[in-house]
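*Asks:* This is the structure, below, for whatever I ask next.
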Amino acid sequence: MIIFAVMTDSGKQIIGVLGGGSWATALTKLLSQSQEHVYWWMRNEDAVKHIQEFGHNPNYIQAIEFDLKKVHVSSNLQDVVNACDILVVAIPSAFVHSAFQDADVKGLENKILFSAIKGVINEFDAIPARYFHKTWNVPYENIGIICGPCHAEEVALEKLSYLTIGCSDLEKADYMAEQLKCRFIKTSTTEDVFGTELSAILKNVYAVASGICHGLGYGDNFQAVLVTAAIGEIERFIDAVHEVHRDVKSSAYLGDLLVTAYSPYSRNRTFGTMVGKGYSVKWATIEMNMVAEGYYATRGIHEINKKFNADIPIADAVYRILYEKVSPAVEMRKLADKLS
């Protein structure tokens with residue numbers, strides 16, 4: 001049964017957000033400022049009931065209050081898919097496939113999808129654009145990406161932030177950019193969906209590396225060298241996978257890497273710091289009570305790179321620490337000798 005009966009009279013395309021975490025919460029806030037109605041799916045039924053009663057997400061960024069005349073939240077994924085023309089997917093990458101598969105979703109091939117996932121779909125070792133195209137038959141021209149540099153927490157505080165919106169069909173990218181733009185959000189667009197998506201995945205791996213070094217006691221001087229080397233690795237990897245001209249010094253690439261590697265809001269840096277201080281992956285995850293995309297992205301990038309053999313020693317070091325249980329101190333000491 002379709003639970004949504006509200007329609008827009010403005011002629012705008014109807015937008016839905018999928019996911020219940022910090023980024024989904026922040027994106028719903030942004031869209032509710034430009035849209036008459038925003039549809040929001042999350043799996044957690046208790047959280048849905050809480051939002052419907054009190055107007056804020058009980059688990060993430062509780063300071064954001066929603067206008068429930070505009071924001072319509074549901075735990076029924078198919079209902080939200082049916083109600084919308086555009087879907088913003090902000091589900092953690094580890095749970096994307098199970099969310100759509102468990103709901104046996106129909107009709108995605110007729111929707112426009114913008115990914116805010118920033119991770120590899122591990123069941124397929126695929127970036128989100130490829131996953132939605134191959135698994136759900138969504139045409140590439142209907143798949144886009146929303147990337148930073150932008151932290152959900154600063155969106156909640158209405159601090160000036162920048163988003164890059166990518167789609168091979170620039171008209172769709174321009175439309176979404178206009179919907180997200182507001183007093184404290186500036187937007188730009190790009191056709192480089194694969195490059196920006198891969199960069200958004202890789203920067204989480206390098207933020208974990210940055211955190212590991214921080215946890216081990218390395219200082220700012222070394223961090224500067226590490227991050228400089230990381231943007232070089234990003235360029236080599238995305239050129240190997242999808243060789244087109246791009247300026248990785250722009251904000252969608254370098255800017256996103258910098259904020260994720262340095263910010264205290266970065267869960268990937270926090271996760272890496274805990275690993276560097278001696279926490280196991282399991283206990284770091286439990287302590288954080290949040291998903292660090294860099295953990296899953298590290299394995300996904302490692303698997304993808306078996307085909308392309310790009311030179312990415314920092315990402316390789318993070319893989320050995322997280323998945324082969326090599327000592328962070330030993331691995332980072334070896335890595336430090338390779339950087340210059």
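*Asks:* Among the residues of region 8-49, which ones are crowded, with 17+ Cβ neighbours inside 10 Å, in a helix (DSSP H, G or I) and without any contact (Cβ under 8 Å) to a residue 60 or more places away in the chain?
*Replies:* Across region 8-49, the qualifying residues are T28, S32, A47, V48.
*Asks:* Hey, another quick one. With the structure loaded, tell me whether E233 is touching a residue at least 60 places away in the same chain (Cβ under 8 Å) and under 19 Å from the mean Cα position of the chain (by Cα) or whether it fails that test.
*Replies:* Here the answer is no, as E233 does not meet what is asked.
*Asks:* Go over the candidates A261, A297, A252 one by one and state the one that is in contact with a strand residue (DSSP E or B) (Cβ under 7 Å, 6 or more places away or on another chain) and under 30 Å from K159 (Cα atoms).
*Replies:* Selected residue: A252, the only one of A261, A297, A252 that is in contact with a strand residue (DSSP E or B) (Cβ under 7 Å, 6 or more places away or on another chain) and under 30 Å from K159 (Cα atoms).
*Asks:* On the given criteria, is A90 touching a Lys or Arg at 6+ places or on another chain (Cβ under 7 Å) and of a type in the set (G, A, S)?
*Replies:* no
*Asks:* Related question: I need the full set of residues from region 104-116 which are in a loop (DSSP other than H, G, I, E, B), buried (at least 17 other Cβ atoms within 10 Å of the Cβ) and either modelled with pLDDT under 95 or of a type in the set (G, A, S) (or both), in order please.
*Replies:* The answer is A116, and nothing else.
*Asks:* Which one of these is touching a helix residue (DSSP H, G or I) at 6+ places or on another chain (Cβ under 8 Å), surrounded by fewer than 24 Cβ atoms within 10 Å (Cβ to Cβ) and modelled with pLDDT of 95 or more: H214, H242?
*Replies:* Among H214, H242, only H214 is touching a helix residue (DSSP H, G or I) at 6+ places or on another chain (Cβ under 8 Å), surrounded by fewer than 24 Cβ atoms within 10 Å (Cβ to Cβ) and modelled with pLDDT of 95 or more.
*Asks:* Identify the single condition in (1) closer than 26 Å to S22 by Cβ; (2) surrounded by fewer than 21 Cβ atoms within 10 Å (Cβ to Cβ) that V275 does not satisfy, given that it satisfies every other one.
*Replies:* Condition (2) is where V275 drops out.
*Asks:* Follow-up. So which residues in region 152-174 are buried (at least 20 other Cβ atoms within 10 Å of the Cβ) and of a type in the set (S, T, Y), if there are any at all?
*Replies:* Correct list: S161, T164.
*Asks:* Looking at the structure I just gave you, is G119 buried (at least 23 other Cβ atoms within 10 Å of the Cβ), out of contact with any strand residue (DSSP E or B) (no Cβ under 7 Å at 6 or more places or on another chain) and not acidic (D, E)?
*Replies:* So G119 fits the description; yes.
*Asks:* Counting just the residues of region 54-97 that are among the aliphatic types (A, V, I, L, M) and in a loop (DSSP other than H, G, I, E, B), which one comes out surrounded by the fewest Cβ atoms within 10 Å (Cβ to Cβ)?
*Replies:* A63
*Asks:* A further question on this structure: Do any helices (runs of 4 or more DSSP H) lying entirely in region 238-340 carry at least 3 residues that are within 21 Å of the chain's Cα centre (by Cα), and which ones are they?
*Replies:* Where helices (runs of 4 or more DSSP H) fall fully within region 238-340 and carry at least 3 residues being within 21 Å of the chain's Cα centre (by Cα), they are 256-262, 267-276, 281-288, 293-308, 313-323.
*Asks:* Among the residues of region 259-286, which ones are of a type in the set (D, E, K, R) and within 19 Å of K325 (Cα to Cα)?
*Replies:* R269, K277, K282
*Asks:* Related question: Quick one: which residue in D247, D239 is charged (D, E, K, R) and within 22 Å of N309 (Cβ to Cβ)?
*Replies:* Just one listed residue meets the conditions, D239.
*Asks:* Can you list residue pairs whose Cβ atoms sit under 9 Å apart, with the first residue in region 168-190 being closer than 23 Å to H242 by Cβ and the second being among the polar types (S, T, N, Q) and assigned to a loop (DSSP other than H, G, I, E, B)? Count only pairs 6 or more apart in sequence or on different chains.
*Replies:* Short answer, once both residue conditions are applied: S188/S250; T190/S250.
*Asks:* Would it be correct to say that S263 is of a type outside the set (D, E) and closer than 21 Å to L163 by Cβ?
*Replies:* yes
The values are calculated or read from the model by the stated rules, or taken from the named source; none is laboratory data. None of the values given here were measured: they were computed from a predicted structure. For neighbour counting, all protein chains shown are included, and Cβ atoms are generated from backbone atoms with ideal geometry for every residue, glycine included.
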